[in-house]
Amino acid sequence: MARYGKAAGRSVRSAIRRRKHGTLRSGRRGKGGRVKSRKQAIAIGLSEARKKGAKVPRKSSS
């Protein structure tokens with residue numbers, strides 16, 4: 001059984017692309033700095049997917 005849905009994959013792919021183009025920003029309403037880390041881009045993509053209701057496992061509480 002897949003842990004992540006197709007919509008989650010699309011959201012992450014979009015975030016990675018935006019990072020490559022230099023338009024992915026962190027923080028509330030994108031007011032933070034530009035995202036340079038690949039891991040951070042993936043995290044943002046998963047977070048956006050979670051907000052849209054895609055199949056994404058819960059964040060670990062550690």
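Just so you know, all these numbers are worked out from the coordinates, no wet-lab data involved. Everything numeric here is computed off the predicted structure, so don't read it as measured data. Using ideal geometry, Cβ is built from the backbone for each residue, glycine included, and neighbour counts are taken over all protein chains shown.
Filter the stretch 43-55 down to the residues that are crowded, with 16+ Cβ neighbours inside 10 Å, of a type outside the set (Lys, Arg) and assigned to a helix (DSSP H, G or I) and list them by number. Matches in the stretch 43-55: 43, 44, 45, 46, 48, 49. Of the residues making up the stretch 23-38, those that are charged (D, E, K, R) and assigned to a loop (DSSP other than H, G, I, E, B) are 31, 36.
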